[in-house]
1. Filter the stretch 129-177 down to the residues that are touching a Ser or Thr at 6+ places or on another chain (Cβ under 9 Å), crowded, with 16+ Cβ neighbours inside 10 Å, in a loop (DSSP other than H, G, I, E, B) and of a type in the set (S, T, N, Q) and list them by number.
2. Are any residues in the stretch 200-231 over 23 Å from residue 314 (Cα atoms) and either out of contact with any Asp or Glu (no Cβ under 7 Å at 6 or more places or on another chain) or of a type in the set (A, V, I, L, M) (or both), and if so, which ones?
3. For residues that are surrounded by 16 or more Cβ atoms within 10 Å (Cβ to Cβ), over 16 Å from residue 3 (Cα atoms) and of a type in the set (Gly, Ala, Ser), tally how many sit in the stretch 253-291.
4. If you take the residues of the stretch 102-119 that are buried (at least 16 other Cβ atoms within 10 Å of the Cβ) and of a type in the set (Gly, Ala, Ser), which of them is nearest to residue 57 (Cα to Cα)?
5. Filter the stretch 306-348 down to residues that are surrounded by fewer than 15 Cβ atoms within 10 Å (Cβ to Cβ) and among the charged types (D, E, K, R), then give me how many there are.
6. Any residue at all in the stretch 260-275 that's assigned to a helix (DSSP H, G or I) and more than 25 Å from the chain's Cα centre (by Cα)?
7. Within the stretch 364-397, which residues are over 27 Å from the mean Cα position of the chain (by Cα) and crowded, with 20+ Cβ neighbours inside 10 Å?
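A short reminder: the numbers here are calculations on the coordinates, not readings from a lab. The structure displayed is predicted, hence computed values, not measured ones. Note: ideal-geometry Cβ built from the backbone for every residue, glycine included; neighbour counts use all protein chains shown.
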Amino acid sequence: MISVKTAYDRIVGPAVPLSTERLALADCGGRVLSGAIKARRSQPGCDVSAMDGYAVNSGDLKGDETQLKLVGVSAAGAPYSGSLQSGKTVRIYTGAAVPKGADQVIMQENTGPSEAGIFTDVAPKPGDHIRLQGYDFEEKQIVLEAGTYITAKSLGVAASAGHSHLMVFRQPRIALLATGDELVAPEATTFAPHETVNSTVPQLMVMIRSIGADAIDLGQAGDDINSLRRAITSAKDADILVTIGGASVGDRDHMQEALAAEGMTLDFWKVAMKPGKPLIFGTRNGQHILGLPGNPASAFVCATIFLLPLIDKLMGRPAPMPSGIQLPSATDLPANGPRQNYMRARLIGGPGERHVDAAVSQDSGQLSVLAQSDGLIVRPPNADAVTAGDSVPFIPF
C-alpha cells in the first residue's frame with residue numbers, strides 16, 4: 001500500500017490542463033483563463049463625474065459665495081459639447097463626461113439657485129469628485145491574468161474591458177461506470193432483499209458537475225469481464241474514466257483485469273486510507289482512470305481527496321491536496337491505526353465557537369451518517385489519541 005500523499009502526488013501531480021476553447025462570456029463561469037487578457041479600452045474612457053452636481057473651473061471658486069452662470073447639461077451618454085469658460089458651470093450627472101475646461105465637480109447639495117445659475121461657497125479643490133480617464137484601468141493594461149478562475153466579478157471586468165469571448169481551458173469529460181450484479185437503479189419499481197440501489201453514480205455526478213466538469217453516466221456493468229470490457233471501451237473519449245466497484249480481490253472482482261485488457265497501464269492499487277483502501281489508478285492513451293471502491297461512503301471520500309483535485313488540475317485551477325482546517329474536536333478520539341482515517345463529522349456550535357463532532361458510527365455502509373455530516377476529520381497514520389478541545393484537521397464538504 002502507498003500513503004495518501006503519495007497517491008495524491010501520482011494522480012494529480014503529473015496532470016496538466018486540457019486544451020483551450022473560446023467561449024462567450026456568459027458561458028465562462030467556473031472556467032479558468034488560459035492566457036492573460038488586456039483591456040481594449042480605458043475605463044472610464046474619459047474624465048467622468050462621481051456625483052450629481054455642477055462641473056466648474058476650480059479657479060473660479062473663492063471659498064465664499066461664488067456666482068456661476070449655468071450654460072448647459074452633461075449627462076451619461078449625452079456629454080456637453082462645448083468648452084467651459086470662466087465664470088460658467090454645467091449641470092452634470094454621475095457618470096457623465098466632464099466638459100473641457102472643468103476640473104472640479106461640486107455636489108448639488110452644496111449649491112443653491114441664483115438668477116443666472118447657481119451660487120456656492122465651496123473652496124477650490126481641483127479633481128474633486130472626478131474619476132479620471134483610466135482610473136479603473138488603461139487601454140492595453142492586463143486586467144485578468146492567465147489562470148484566473150472566472151466568476152461573476154471577473155466576468156464584469158472582462159466585459160468592461162471590451163471582451164465578449166474568452167479563451168479558457170476545456171471542461172473535462174468524466175465517464176462514470178458502476179459495476180456489480182447486485183445493483184439496481186433508484187427508479188426500479190421493486191427492490192429484492194439481495195439488491196443494492198446504485199446511489200454512488202448520482203452522488204458523484206452532482207459532485208463533478210458542481211465544480212464545472214461534465215459527468216457522463218455509462219450505466220451499469222455486470223460482474224463479468226466481457227461486460228466490463230465493453231463498457232470500458234465505450235468510455236475511450238472521456239478525459240477521466242471513473243469505475244465504481246470491483247476493485248478488491250474477490251472472485252467476482254474483475255475490474256483490474258478488464259482495465260488492463262483494454263489498455264490501462266496500472267500505476268498503483270491500494271492506498272493506506274480508511275475508508276477507501278482498494279483504489280485503482282492508471283492511464284491509457286492520455287486518459288486518467290480512477291477505480292473507486294464500491295461502497296458509497298468510501299467512493300465519496302476517495303472522490304473528495306483524489307477525483308475533485310484531479311478535475312481542478314485538468315481545468316487549470318489550483319489543486320492542493322485536501323488537508324483541512326484546524327478546528328477543536330467536540331469529543332475524545334482514540335489513537336489512530338496505520339491507515340489515514342477520514343472520519344465523518346458534523347460542525348457544532350455558533351460562529352467563533354465551532355467544534356467538529358465525529359459521528360458515533362464510522363461504518364462506511366451508512367449513507368445516512370454521510371448525509372448528516374459537514375465534512376471529514378483527518379486522522380494521520382498512527383496519530384495519538386485526541387482529547388476533547390484539541391485541534392484536528394477538518395475538510396468541509
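1. Across the stretch 129-177, the qualifying residues are 133, 148.
2. Taking the stretch 200-231 as the starting set, the residues that turn out to be over 23 Å from residue 314 (Cα atoms) are 219-231.
Hits for the stretch 200-231 are 219, 220, 221, 224, 225, 226, 227, 228, 230, 231.
3. 3
4. For the stretch 102-119, the residue satisfying everything is 102.
5. Residues meeting the conditions: 1.
6. Looking through the stretch 260-275, at least one residue is assigned to a helix (DSSP H, G or I) and more than 25 Å from the chain's Cα centre (by Cα).
7. 364, 386
Residue by residue, here is whether (1) outside any strand (DSSP E or B); (2) under 19 Å from residue 302 (Cα atoms) holds:
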position: 345; (1), (2): no, yes
position: 353; (1), (2): yes, no
position: 356; (1), (2): no, no
position: 360; (1), (2): yes, no
position: 369; (1), (2): yes, yes
